[in-house]
Amino acid sequence: MKLFTFALLFVVTSASAQWSNTTNLFYDSLHYESEGPYCKFYFAGNKTLVTSRTLKETEEALQDADFCRIHNSYLVNMKFVERYIRGEGGEVVLTNGKKLAISRIKKQEFLQMFERIRQQKSPPIFVGMLRAPNRKLFEPLFLGGFEV
């Protein structure tokens, strides 16, 4: 698994400078944003971290994990995607409420991964029986939160 490509990262903030385990940084980050030759990590609670790695390098390090490149500028952690909003490319809404655009080119790849992750997170919810048209039998009714 290439997740451990760079196991330690030297983190410099206005308050301190320290080595940090990148595994926690990767799994706890909501999404990454390209800022030219830098990559900005976004965490819950509006915390951010800027690294000297590019978004492409970050994506390569995370290729075996549940991260998806949804745009030239964004890489999202799929476990923090709350929902998808339809559109030409569409948008994702993260658990912190932030909306990010999906490029048309990346849309199909995102939708496939989103459906796979959604099925892993929660199976369909059984809510009752529904009478099928032109039938005497009742069929189970399942609800899901995914729209395409």
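For VAL92, are the conditions met, namely being surrounded by 18 or more Cβ atoms within 10 Å (Cβ to Cβ) and out of contact with any His (no Cβ under 8 Å at 6 or more places or on another chain)?
Working: surrounded by 18 or more Cβ atoms within 10 Å (Cβ to Cβ): yes; out of contact with any His (no Cβ under 8 Å at 6 or more places or on another chain): yes.
Yes: the conditions hold for VAL92.
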Quick check on the range 82-114: of everything there that is in contact (Cβ under 8 Å) with a residue 12 or more places away in the chain and among the acidic types (Asp, Glu), which residue is farthest from ASN72 (Cα to Cα)? GLU82
Pick from the range 43-70, criterion crowded, with 22+ Cβ neighbours inside 10 Å and over 13 Å from MET113 (Cβ atoms), ranking: modelled with the lowest pLDDT: THR58
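The values are calculated or read from the model by the stated rules, or taken from the named source; none is laboratory data. Note that the structure is a prediction, hence the values are computed from the model and not measured. FYI the Cβ positions are ideal-geometry reconstructions off the backbone, even for glycines, and counts take in every protein chain you see.
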